[in-house]
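Every read-out reported here was derived from the displayed coordinates using simple, explicitly stated rules and does not represent laboratory data. Since this is a predicted model, take the numbers as computed values, not measurements. Quick reminder, even Gly has a Cβ in these numbers, built from the backbone with ideal geometry, and neighbours come from all protein chains shown.
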Amino acid sequence: MNKWEPNTCTCSVTYTLSVVGGKWKWLMLFKLFKHGVLRYGELKNTMPTITHKMLSQQLKELEAAELIFRKQYNQIPPKVEYSLTKKGGTLIPILQLMSKWGEDNKTSGNLEE
């Protein structure tokens with residue numbers, strides 16, 4: 001299956017899914033909204049089942065889409081922080097609706113927040 005590329009999508013829904021589709025991106029955006037600024041390790045700790053490779057890849061894709069901001073401090077040890085951009089913040093109402101829908105419709109167990 002070919003991955004949708006944002007620059008080739010003609011449908012607005014397909015475009016949106018090409019930018020934020022996948023298992024982890026929405027959750028990562030929600031965690032950054034909830035916590036404000038997170039370092040890589042802090043974000044990883046809030047999502048313990050994600051692999052380092054997947055986390056790194058998804059962060060790069062969200063940064064390329066200008067949904068998150070990556071701030072690197074040139075120090076030893078290296079320090080990198082992630083936060084939502086203004087563009088990323090425009091997705092928060094959708095995330096809140098998704099959270100509400102999940103709360104209203106889950107049947108058992110807890111949803112990860």
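Restricting attention to segment 34-50, which residues are farther than 18 Å from VAL80 by Cβ and either surrounded by 13 or more Cβ atoms within 10 Å (Cβ to Cβ) or touching an Asp or Glu at 6+ places or on another chain (Cβ under 8 Å) (or both)?
Going through segment 34-50, the residues farther than 18 Å from VAL80 by Cβ turn out to be 34, 48-49.
Of everything in segment 34-50, just one residue is farther than 18 Å from VAL80 by Cβ and either surrounded by 13 or more Cβ atoms within 10 Å (Cβ to Cβ) or touching an Asp or Glu at 6+ places or on another chain (Cβ under 8 Å) (or both), namely LYS34.
Among LEU55, LEU97, which is the only one that is touching a helix residue (DSSP H, G or I) at 6+ places or on another chain (Cβ under 8 Å) and either of a type in the set (S, T, N, Q) or within 24 Å of TYR15 (Cα to Cα) (or both)?
The match here is LEU55.
Hey, ASP104 hits all of (1) more than 18 Å from TRP24 (Cβ to Cβ); (2) surrounded by 11 or more Cβ atoms within 10 Å (Cβ to Cβ) but one; which does it fall short on?
(2)
Only one of LYS31, LYS53 is free of Cβ contacts under 8 Å to residues at least 24 places away in the same chain, surrounded by fewer than 16 Cβ atoms within 10 Å (Cβ to Cβ) and not aromatic (Phe, Trp, Tyr). Can you tell me which? Show your work before the answer.
Values: LYS31 fails: surrounded by fewer than 16 Cβ atoms within 10 Å (Cβ to Cβ).
Checking each option against the conditions leaves just LYS53.
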